[in-house]
Amino acid sequence: MKSRAEVVIIGGGVIGLSIAYHLGKLGVEDVVVLEKNYIGSGSTFRCASGIRAQFTDEANIKLQKYNIERWKRLSDELEHDINFKQSGYLFLATSEEEVEVFKKNIKLQNKFGVPTRLISMDEAKEIVPPLNTEPFLAGAWNPEDGKASPFHVVYGFAKKAKEFGVEIYEYTPAVDIIVENCEIKGVKTERGMIKTETVVNAANAWAPVVNEMAGLKRDFVPIKPYKHQLVKTEPIAEGQIEPLTCPPAWNDSYVIQDGEDGGVICGTGLEKLTHLDDVQPTYDFIREVLKWATKIIPALKYVHVVRQWAGFYAKTPDKNPAIGKINYIDGFYIAAGFSGHGFMMAPGVGEAIAELIVKGKSKVPLDWDWYDPHRFERGELRSAAFQIG
Amino acid sequence: MLVKLMRLTEHPILNFQEKRGRKITIYFEGQPIEAYEGETIVMALHAAGIRVLGYSVHKHRPRGLFCAIGKCASCLMTVNGIPNVRTCITLVEDGMKIERQKDKPKLPPTVKPPKFKEAKKVSGDIVIIGGGPAGLMAAINAADAGAKVILLDENPMLGGQLVKQTHKFFGKREQFAGVRGVKIAEILEEEVRKRENIEIFLETSAIMLLQDGDEKLVVGVRKNKELIEFRGKAVIVATGAMEKMIPFEGNDLPGVYGAGAIQTLMNTYGVKPGDRVLIVGAGNVGLILAYQLIQAGVDVKAIVEAMPKIGGYFVHAAKIRRLGVPILTRHTILRAEGKEKVERAVVAQIDEKWRSIPGTEKVFDVDVIALAVGLRPSIELLHQVGCQIKYVPELGGHVVIRDSRMETTIKGIFVAGDSAGIEEATTAMLEGKIAGIAAALEIGTASSEWFKEIEKAQKELDEFRAGPFGRKVLEGIKKVVVE
Ligand SMILES: Cc1cc2nc3c(=O)[nH]c(=O)nc-3n(C[C@H](O)[C@H](O)[C@H](O)COP(=O)(O)OP(=O)(O)OC[C@H]3O[C@@H](n4cnc5c(N)ncnc54)[C@H](O)[C@@H]3O)c2cc1C
Ligand SMILES: Cc1cc2nc3c(=O)[nH]c(=O)nc-3n(C[C@H](O)[C@H](O)[C@H](O)COP(=O)(O)OP(=O)(O)OC[C@H]3O[C@@H](n4cnc5c(N)ncnc54)[C@H](O)[C@@H]3O)c2cc1C
Ligand code: FES
């Protein structure tokens, strides 16, 4: 293991690895990623793989519009097929009031160049052939949204980062951050000490613990782990439920075919504040999610569930992540608290943080103010980012 | 009607004419086929000469039966429009429509949403998963020790592997020595059915095992559709084992069957597995299988065994040799050949490093290759609920850590039989007895008198394992038993 590094990233999820890749690409030598388990083992490998620009506020729409451009080129860039598909997101309205809300959101999204439109249920049925159209009035459809394989994305980022000289240490938890006179001196790991002046906290659900290591208050960025679960069915033929299909009024329930094997991933908004060791799937979830999934796609009643798992939404009070520099400590950065939509943000956030570290600024359209990690201690909250599931 | 090809009409031990249920008609890709009530779909298809049950989704390679007990997913077909049905444990029904699958299933566009009902709820003191010798003995003893017992099995009949064992058992008299396996199954089933405090659920798969407050919850599905929540204070997992596969070219061709599947075909349903068979593995299972095949009028071409000597009992081997079946030690199978199903098997001699020796190849014209290369414990539910697992090759693979009364690392969850480690029906019954009584003691329905019964069974187990064949098992048990 190295005893010195230019930058140490704590957390080997999609965010930490994207930051590492972008730092390597910018020519930073001696970047180290510390991962306490194996890469992707936190929330990333447990996510539903969805990527969307259909948000309801300017900051997230702009960032995601940019991110989708990045996702489109990412397989080429990483020289690894990450299975990105622009299969769309289809939100479904169950009432006239919801249709009005959809219209308002679509207007805002269109303003920033996201081509969402209101579609009839006939058109929705063409996009998702086994859809139960009867309960719904209209859909909000953005064909540019999509999905990618979390496994290939993590692998692709890691592989390319290593080519740039980044070292990734798995099964190597950071246990302490040495800070003297508000300056970082190093990171202590279970396998020894690494001297460094720059640390990025990319530990998402565990970020408060890492902040504490640096001497900050645990709730400086108040991220809490909420257990979220998914089930997946046996593979079915591709092209049946390709978009993430979600009636938000039905407890945020959603279905989406896995881009790799065609199994149907089903989620619902049954969340539970929990502790960081609890990723135990529960029976009440499987009952609840299947109730909704078979209402959205009735023919799913013929399909067997083969897997169920749980992970964390690392939620901040306004469901927006904390991204940026932490002013109390020189060289300390954070990108965490993604509140259930961090996978889709990874390329742009990684690029932005890397540029911030190297150049002090970034060309990524990321609203630093909006995501400011200091906003919580100032008692400022953003309008809540649109969460599903 | 397709011609009736493969049904056994005469058998020295079994009488299938008498056993067969009402004659009905099922439809295979539109063609009517004769079937009998009480048999599984796969058996009816096999009897009509249909071996290719579907095609793999990526390379479209033909797929056939392999385990015949619902554990390998090799027999998935579309039944009455429902894809991926395990046809080896699903009973035929008059007018049933059965289709092969070639690609991943396509969902019908218009379907009525299901009515979402509360699940059926069944409660008892002890829930036993698996009705083989271990589960049956657990049920009988737990019931006698005062517990209200629920017994479930995903197969349509009780008895587990016993229902296909037409040979007489070894061992002591109180352990049913000299009695045929099928008969033991009948005796145990009768005992179970006599007891009013045992409720039986057949064709019911346990799909989930959970701690639910102070209770255990076993989520079951009956006949592919009805959801049942079984609750009890303790659970005994007696789910048996599944056959191992070995790597060789063409090992996925229809006609490469597990030994147990072949026994199910001919001994349980009276269907001839094929005409000419090569057996891989000369342990007891392989040897007994050879004998049973000959009884059913099937030509056994040879048994190949990779080890330098035969693994099974001498008496079995001697009997096979007397019947003229060559047992080729230090031989292995190189490949299975055939277009849509097995037509030939190529075997060769191997050296000390298990490499095949060029020039020693032999070709057998066979339509079935029987794999009798061992079993591995079915621990899926125990793993899922969080019991501690350890890899112990002497017991067949991954097994759970347990104490001498068969309780796992989770209080109230017990294990018995092959799912605790691969052994024999005799030991499965004794372990089942111990687990049944221990569970009843733990939940408080049994008096302390019953401790003596546990000790007695433990002593019998020790005696049984003291023989030369028990040595390996004892090594394994040392690694998993904690106090
Ligand atoms: C059920 C579910 C569905 C989801 N669906 C979507 C979706 O469709 N689209 C989407 O964009 N997002 C989705 N998400 C959210 C997404 O998974 C996360 O936002 C994203 O993975 C966050 O990535 P990360 O790298 O920040 O965190 P993580 O992947 O959690 O990575 C953090 C890593 O830090 C490591 N770590 C922690 N402490 C230490 C330490 N002391 N030392 C070293 N390493 C440490 C952890 O082991 C972990 O691997 C979903 C989440 C869940 C649970
Ligand atoms: C060819 C052959 C010859 C043998 N000869 C002998 C012999 O001479 N003497 C001897 O002592 N032993 C013999 N055995 C071994 C003996 O059959 C097994 O060791 C014994 O049957 C194991 O009993 P069990 O109850 O643990 O499992 P099984 O008999 O396999 O029963 C397990 C039961 O659990 C059910 N089940 C599994 N999973 C689920 C689920 N999820 N939900 C519901 N039900 C489930 C299955 O349907 C099955 O009925 C032989 C085995 C073979 C294959
Ligand atoms: S599951 Fe039916 S043959 Fe194995």
Seminar exercise, completed: With label points set 7 Å from each Cα along the Cα-to-Cβ direction at B:Glu463 and A:Thr94, the distance between them in nm comes to 6.7
Exercise. With the solvent-accessible surface defined on protein heavy atoms using a 1.4 Å probe, which residues belonging to the stretch A:218-241 display a reduction of at least 10 Å² in accessible area in the multichain context relative to the isolated chain?
Worked result: A:Glu234, A:Pro235, A:Ile236, A:Ala237, A:Glu238, A:Gln240
Seminar exercise, completed: Output row B,A: buried area (accessible, probe 1.4 Å, summed both chains) in Å², nearest hundred, equals 2200
Seminar exercise, completed: The alpha-carbon center of the stretch B:360-387 and that of the stretch B:59-114 are separated, in whole Å, by 22
Seminar exercise, completed: If one builds a Gaussian network model of chain A from Cα atoms under 10 Å apart, the most fluctuating residue listed among A:Asn181, A:Asn142, A:Asn67 is A:Asn181
Exercise. If you count the DSSP beta bridges with both ends in the stretch B:256-374, what percent of them are antiparallel, to the nearest 5?
Worked result: 40
Exercise. Under a 1.4 angstrom probe, counting protein chains only, how are B:Lys433, B:Lys97, B:Lys309 ranked by accessible area, largest first?
Worked result: B:Lys309, B:Lys97, B:Lys433
Exercise. Of all DSSP beta bridges in the protein assembly as shown, what percent run antiparallel (nearest 5)?
Worked result: 65
Exercise. Where does chain B land at 222 nm, in deg cm²/dmol rounded to the nearest 500, when only DSSP H runs of n ≥ 4 count, each adding -39500 (n - 2.57), divided by all residues?
Worked result: -7000 deg cm²/dmol
For this session: Output ³J(HN,Hα) for the stretch A:300-315: one whole-Hz value per residue in order, computed from phi by the Karplus curve 6.51 cos²θ - 1.76 cosθ + 1.60 with θ = phi - 60°, and x for Gly and Pro.
Result: 5, 5, 8, 10, 7, 7, 10, 9, 9, 8, 9, x, 10, 8, 8, 9
Exercise. Counting only other chains, what is the mean number of Cβ atoms within 10 angstrom of the Cβ of each residue in peptide A:300-312?
Worked result: 3
Problem set entry | When each of B:Lys168/B:Lys433; A:Lys227/B:Lys112; B:Lys168/B:Lys341 is checked by Cα-Cα distance, pairs over 25 Å | A:Lys227/B:Lys112; B:Lys168/B:Lys341
Problem set entry | Mean accessible surface per residue for the stretch B:2-99, computed with a 1.4 Å probe while every protein chain stays in place, in Å² | 44
Seminar exercise, completed: Taking A:31-40, A:57-66, A:6-15 and ranking on average Cβ neighbours within 10 Å, highest first, one gets A:6-15, A:31-40, A:57-66
Exercise. What 222 nm value per residue comes from the helices of chain A, counting each DSSP H run with n ≥ 4 as -39,500 (n - 2.57) and dividing by all residues, nearest 500 deg cm²/dmol?
Worked result: -8500 deg cm²/dmol
Exercise. Which of the residues in the stretch B:97-136 show a loss of at least 30 Å² in accessible area from their chain by itself to the complete set of protein chains, at a probe of 1.4 Å?
Worked result: B:Lys104, B:Pro105, B:Lys106, B:Leu107, B:Pro108, B:Pro109, B:Val111, B:Pro113, B:Pro114, B:Phe116
Problem set entry | Euclidean distance of C-alpha centroids, the stretch A:309-329 and the stretch B:414-483, integer Å | 52
For this session: Specify the residue with the greatest mean-square fluctuation among A:Phe102, A:Phe136, A:Phe112, computed from a Gaussian network of chain A linking alpha-carbon atoms under 10 Å apart.
Result: A:Phe112
Exercise. To the nearest 10 Å², what's A:Arg117's accessible area with a 1.4 Å probe?
Worked result: 100
Exercise. Under the Karplus relation 6.51 cos²θ - 1.76 cosθ + 1.60, θ = phi - 60°, what is the ordered set of whole-Hz ³J(HN,Hα) values for the stretch B:352-362, x standing for Gly and Pro?
Worked result: 4, 8, 6, 9, 6, 8, x, x, 9, 4, 10
Exercise. In straight Cα distance, which aspartates and glutamates are under 12 Å from A:Lys107, not counting same-chain residues fewer than 8 positions off?
Worked result: A:Asp57, A:Glu58
Exercise. Which whole-number value in Å² is the accessible area per residue of the stretch A:261-364, probe 1.4 Å?
Worked result: 33
Exercise. Which of the peptides A:168-179, B:188-199 is most tightly packed, and how do the rest follow, judged by the mean count of other Cβ atoms within 10 Å per residue?
Worked result: A:168-179, B:188-199
Seminar exercise, completed: Simple SL model, points at 7 angstrom along Cα→Cβ for A:Val306 and B:Asp275; separation in nm is 3.7
For this session: Treat the stretch B:152-223 as a sphere of radius equal to its Kirkwood radius over Cα pairs and apply Stokes-Einstein at 4 °C in a medium of 1.567 mPa s; give the translational diffusion coefficient in µm²/s, rounded to a whole number.
Result: 92
Problem set entry | Amide H contacts of B:Tyr36 (H built 1.01 Å from N, under 5 Å, at least 5 apart or other chain) | B:Ile24
Seminar exercise, completed: Karplus-derived 3J(HN,Hα) from phi for the stretch B:324-336 (6.51 cos²θ - 1.76 cosθ + 1.60, θ = phi - 60°), whole Hz, x at Gly and Pro, runs x, 8, x, 10, 9, 7, 6, 10, 9, 8, 8, 7, 9
Exercise. Under a straight-distance cross-link criterion of Cα-Cα below 12 Å, which aspartates and glutamates are reachable from B:Lys459, leaving out those fewer than 8 residues away in the same chain?
Worked result: B:Glu431
For this session: Measure up A:Lys25/A:Lys159; A:Lys291/B:Lys102; A:Lys217/A:Lys325; B:Lys59/B:Lys225; B:Lys97/B:Lys223 against 19 Å on the Cα-Cα distance and list the ones that go over.
Result: A:Lys291/B:Lys102; B:Lys59/B:Lys225
Seminar exercise, completed: Interface residues of the stretch B:207-222, defined as losing at least 50 Å² of accessible area versus the chain alone with a 1.4 Å probe, are B:Met208
Problem set entry | Whole-number accessible area per residue in Å² for the stretch B:253-350, which is evaluated in the context of all protein chains at 1.4 Å | 33
For this session: Report, by chain and number, residues whose modeled amide H sits under 5 Å from the one on A:Gly263, excluding near sequence neighbours (fewer than 5 apart, same chain).
Result: A:Ile236, A:Asp258
Exercise. Is the stretch B:2-99 best put as rounded, prolate or oblate by its Cα gyration tensor, with a ≥ b ≥ c the root eigenvalues, rounded for a/c under 1.5, and otherwise prolate when a/b is larger than b/c, oblate when not?
Worked result: prolate
Exercise. For the stretch B:256-374, what does the alpha-carbon gyration tensor say about shape, rounded, prolate or oblate, given a ≥ b ≥ c as the root eigenvalues, a/c under 1.5 as rounded, and a/b over b/c as prolate?
Worked result: oblate
For this session: Give me the number: length gained by fully extending A:Lys111 to A:Phe151, i.e. 0.36 nm times residue separation minus the C-alpha to C-alpha distance, one decimal in nm.
Result: 11.0 nm
Problem set entry | For the protein assembly as shown: rounded, prolate or oblate by the Cα gyration tensor [a/c cutoff 1.5] | prolate
For this session: Please identify, among A:Leu118, A:Leu17, A:Leu276, the residue showing maximal mean-square fluctuation in a Gaussian network model of chain A using a 10 angstrom Cα cutoff.
Result: A:Leu276
Problem set entry | Entries of B:Lys120/B:Lys233; A:Lys104/A:Lys361; A:Lys232/B:Lys216; A:Lys104/A:Lys315 with Cα pairs more than 28 Å apart | A:Lys104/A:Lys361
Exercise. How large, in percent, is the carbon and sulfur part of the accessible surface of chain A at a probe radius of 1.4 Å?
Worked result: 50
For this session: For B:Lys104, list the aspartates and glutamates whose Cα falls under 18 Å from its own Cα; do not include residues on the same chain fewer than 8 positions away.
Result: A:Glu234, A:Glu238, A:Glu242, A:Asp258, A:Glu260, A:Asp261, B:Glu29
Problem set entry | Extension gain (nm, one decimal) between B:Lys97 and B:Glu191, 0.36 nm per residue minus Cα-Cα | 30.1 nm
Exercise. What is the set of long-range amide H partners of B:Met208 at a cut-off below 5 Å, with H atoms built 1.01 Å from backbone N?
Worked result: B:Val219
Seminar exercise, completed: With label points set 7 Å from each Cα along the Cα-to-Cβ direction at B:Lys478 and B:Asp212, the distance between them in nm comes to 4.2
Exercise. Stretched out fully, how many nm does the piece from A:Asn37 to A:Asn251 gain, at 0.36 nm a residue minus the Cα gap?
Worked result: 73.8 nm
For this session: May I ask you to rank B:Asp212, A:Asp277, B:Asp462 by accessible area, largest first, using a 1.4 Å probe over the protein chains only?
Result: A:Asp277, B:Asp462, B:Asp212
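The values are calculated or read from the model by the stated rules, or taken from the named source; none is laboratory data. Keep in mind it's a predicted model, so treat the numbers as computed, not measured. Here the Cβ is made from the backbone with ideal geometry for all residues, glycine too, and neighbour counts use every protein chain on show. To get the accessible areas, we keep the full protein, side chains included, count just its heavy atoms, and leave off ligands, DNA and RNA. Shrake-Rupley method; radii C 1.70, N 1.55, O 1.52, S 1.80 Å.
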